[in-house]
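The values are calculated or read from the model by the stated rules, or taken from the named source; none is laboratory data. Given the structure is predicted, the values throughout are model-derived calculations rather than measurements. Note: ideal-geometry Cβ built from the backbone for every residue, glycine included; neighbour counts use all protein chains shown. Protein only, heavy atoms only, side chains kept; ligands, DNA and RNA dropped before computing areas. Shrake-Rupley method; radii C 1.70, N 1.55, O 1.52, S 1.80 Å.
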Amino acid sequence: MIVEGTKKTKLSASAVAPPRKINVQKFAESRAPELQSLQCIVENRLSNDYKSQRSKRRRTTSFNDQIARKGHRRKRRKLGIVDKVDAELVLNKESLMQLPRRVRRRYELKSNPESGICTSGDGTKRLRTHVWHAKRFSMTKLWGYHLPLGLHGRGKGSRALLKKLKQGVLVHDASYYSAVQLEGPEDSLVSVLRMVLVPSPIEETHPRNHSDSVLSGITYGTAMLHQVGAPVSQAIAPVTYMWRPTLQENITDLGVSNEKVIPDVDLCEKSERLESSCSFRHLWVWIHASAFEEGYDNLKLACQKEMEKRGISITCSSLEGKLAKLELMGSGAFRLLQKILHPVSISENQRQENHVSHSTESSILKNEEHFSSHAMLSLNVKDPRDLPVKKTVDQTEPISTKTLSDAQETSCKELAVLGGLLGKNKDLTSLSCSEFRDSQSDVDDLWYATTRGLKPPVEDSVLSMEKHRDRMVKFCLDDINVGEANSSKGKCSRSCPILLLKNDMKELNMGWSVILPLSWVKAFWIPLVTNGAHAIGLREKQWIASDSGIPFFPHDFPDCKAYSCFMAAKAAKCNQKEELRPSSVRTLIVPILPPWGIVQATLNKEISSVETLDLSAREDLTNTNCLSNSDSENSFDGTVARTGCMLTTLLNETKTGRLLLFPYAADRKARISKFIKEELMPDTSNRSSVTYDHKLCFIRVLLHPFKEGFFEEGAVICAPRPSDISLWTSSSVKSEAGLKLSESAMRSYFKENSSGKWGMQIPDDSIGRESHRWPIGFVTTACVQGSKRLVAEGFCEAVLLSDLRAEQWKEMPLKQRRTEIFVLVRNLRSVAYRLALASIVLEYQENDIDFL
């Protein structure tokens, strides 16, 4: 009886199981009564009228006989059929050219080569996210790339963008940045960096000295790249440079734990110390696309000089077309990375053998506070497209890392496990350090992926087929395309080595940069966007930089060649657009590229005011120099002080104590308070022209409108008189109109001569001269309209700014003195001057080398 009962239960269980296949005809016959009842319900609701409603009818093409007449024309095949039929033909270029342009273009845009930059027909480079951006953004051609400028429209939406910056995540494809790789002895590479970088690296440093975290590979550095020569040579571009962490540093940073110590690691450390003086290092220098060729040639020249000097070998190669860069900004950037970056899991046996706990692994990306400023982290993560849908951050498994400060101390065993060195068949003591480096580099090291190659990600069609197969299995249906889905497993990879960089320029826009292989950009971009990241273009990125007070390249770098080329192209585009408009509606022509050379006229006026007592003679002197036809009127003939050392050098050259400039230091506030309280005041009575026997030196300032005003790009910054300031600050003097130029004086303030150069013209009448104010600088980045704190960025001449501060402190009462300097700002097409407060950046931070 018991046996019969068990047989009955088995039969009943098998009868309940759903069939593998469904016959639709038999299914309909068995459900005929139910279908008939449903049909009756529909008939009652429609009153037995199955005709479509007249309001929902759509016109068809049956009335058009032109299609029938053109029967000789070739019909378009479906794109999916074309992709399958011509999959073998597209591999041949000759066969590819025989296909229709529509098919060729689709193939080019869908292609994802392992390396190399995709280009359009005219040679313009495309980002790997070009198709995604072209459907949603206004595209522009800049620096040899098709780049997303911003969302469609009139350039509005800054308020909503800044709100997303504070509450969400913004992502930007910065793959137009490229890296230059330097390989050679460490001391030689440091010497090369000293030739071209300002500020230069430390003179004498040791790779195991943890005080220099940049050289040890824990953090990355930023600096200005200059031409080979003196520090005052021509600036090229701001760069980001990073050293590849050495194996010995990884072991010393990660091998010693509070709980356990790996004794075998010390043997490798001792052998590595013998090669400390001549260790072989790798270095990456990331350069903007607008200055990449110039910077690359300059680095090759510096390496060539170093090789000729020391007789050693240094390799300088370009990584353009191999690596990409994605930038994440906003308060939720780290949470999004926690959601996207899932680790390459370690097997349970390896975890038990080497005592690697789950808590140690999951704590790597658990707290953002554990990462120091400008931290650099090497990771090996899974394909973000192939992740479980309902997987939380706490369920993520560890990732192997090589460069962490405090959170990395217990991860050396994991590093050795991923390298395959603590297995059953190998012993760490039997391997040299070079073998250790070679064995672990193939696993998750992005530094070696550029030379040894890296497998591209799995195609989207394969992942879709696998998900479809899983759904078929879930519904107990047969899977037909099993072999097709498994055909590309050996050619592709499901894990990707990346490099995480922490950006700590401002608290509000704290973000991260992800460096990854170029072929993996699409695989990371779509998951980032679908998980809440808001994509931005160049215009939105400049809004963020302006609101945060960070310089934006190349707009805020007038001393670089990339700036002059960019502004010249912008001016040509604006002039071409104006020529197409009728003359009756054309706007006033103003200089797009600021004429920086006219600031020299203001310096000449200062010199003449000291040396000449006759006012008419001074005015005649300035009138003779107001319209100069030299090339210096438009080109930037000067220097920009971006470090405290350069500003200190300027003070020393002009006899320290005579300029009221206070570079950032511990006692800066105390020194400023002494000058404000008149305990110390500079003696400017004996100033002569020798003081100005140098190039114009500009410093970056942040301009805050005083009570009102909106400053546009290219606006001129002028020196106010003491009576001008009282129009806005004094309660007794009230002037609703403020200070204004006449319409004729505004139109003739800048004049373009026959050679295309711009100069300044002083009005001839006395009323025009009374309202004329001398320029001391220009605005390079305008205020953001949707920002709650209107801030513009500009550059002013340092000596003139110091004289302006001394004059204002002398005329103002003690209670009204402040560290900011009052200046006047006038938009080029406006007649009104606006009062602003100028803050010198180098007085609040040591170096002004951060950029966005």
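Numbers at a glance
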{"item": "Qualifying position, being modelled with pLDDT of 50 or more and either surrounded by fewer than 20 Cβ atoms within 10 Å (Cβ to Cβ) or touching a strand residue (DSSP E or B) at 6+ places or on another chain (Cβ under 8 Å) (or both), among LEU647, LEU615", "result": "LEU647"}
{"item": "Residue pairs meeting the criteria (Cβ under 7 Å; at least 6 apart or on separate chains; first in a helix (DSSP H, G or I), in the stretch 793-821; second open to solvent by less than 20 Å² (accessible area, probe 1.4 Å) and among the aromatic types (Phe, Trp, Tyr))", "result": "ALA798/PHE698; GLN808/PHE822"}
{"item": "Filter result for the condition that a residue is open to solvent by 10 Å² or more (accessible area, probe 1.4 Å) and under 18 Å from GLY709 (Cα atoms), over ARG747, ARG817, ARG829", "result": "ARG829"}
{"item": "Selection within the stretch 819-852 - modelled with pLDDT under 90 and out of contact with any Leu (no Cβ under 8 Å at 6 or more places or on another chain)", "result": "THR819, TYR844, GLN845, GLU846, ASN847, ILE849, ASP850, PHE851, LEU852"}
{"item": "Pair list, Cβ under 7 Å, 6 or more apart: the stretch 562-583 residue touching a residue at least 24 places away in the same chain (Cβ under 8 Å), other residue open to solvent by 50 Å² or more (accessible area, probe 1.4 Å)", "result": "SER564/SER635"}
{"item": "From the options VAL190, VAL131, residue that is in contact with a helix residue (DSSP H, G or I) (Cβ under 8 Å, 6 or more places away or on another chain) and open to solvent by 40 Å² or more (accessible area, probe 1.4 Å)", "result": "VAL131"}
{"item": "Unmet criterion (only one of (1) closer than 24 Å to GLU843 by Cα; (2) at pLDDT 80 or above; (3) assigned to a loop (DSSP other than H, G, I, E, B)) for VAL701", "result": "(3)"}
{"item": "Selection status of GLY153, within 15 Å of GLY537 (Cβ to Cβ) and small (Gly, Ala, Ser)", "result": "yes"}
{"item": "Of all residues in the stretch 591-612 being surrounded by fewer than 19 Cβ atoms within 10 Å (Cβ to Cβ) and not in a helix (DSSP H, G or I), the one that is modelled with the lowest pLDDT", "result": "THR612"}
{"item": "Within the stretch 759-768, considering residues that are surrounded by fewer than 21 Cβ atoms within 10 Å (Cβ to Cβ) and touching a residue at least 24 places away in the same chain (Cβ under 8 Å), the one farthest from the chain's Cα centre (by Cα)", "result": "ILE767"}
{"item": "Residues located in the stretch 299-331, provided they are within 18 Å of the chain's Cα centre (by Cα) and surrounded by fewer than 19 Cβ atoms within 10 Å (Cβ to Cβ)", "result": "LEU319, GLY321, SER331"}
{"item": "Residues (in contact with a strand residue (DSSP E or B) (Cβ under 7 Å, 6 or more places away or on another chain) and farther than 16 Å from PHE662 by Cα) located in the stretch 783-807", "result": "CYS783, LEU790, VAL791, ALA792, GLU793, GLY794, PHE795"}
{"item": "Qualifying positions in the stretch 822-852 - in a strand (DSSP E or B), among the small types (Gly, Ala, Ser) and farther than 30 Å from LEU197 by Cα", "result": "ALA832, ALA836"}
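To keep it simple, each residue is scored yes or no on (1) open to solvent by 10 Å² or more (accessible area, probe 1.4 Å); (2) β-branched (Val, Ile, Thr).
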{"site": "SER730", "(1), (2)": "yes, no"}
{"site": "GLY738", "(1), (2)": "yes, no"}
{"site": "SER742", "(1), (2)": "yes, no"}
{"site": "SER755", "(1), (2)": "yes, no"}
{"site": "THR780", "(1), (2)": "no, yes"}
{"site": "ARG789", "(1), (2)": "yes, no"}
{"site": "CYS796", "(1), (2)": "no, no"}
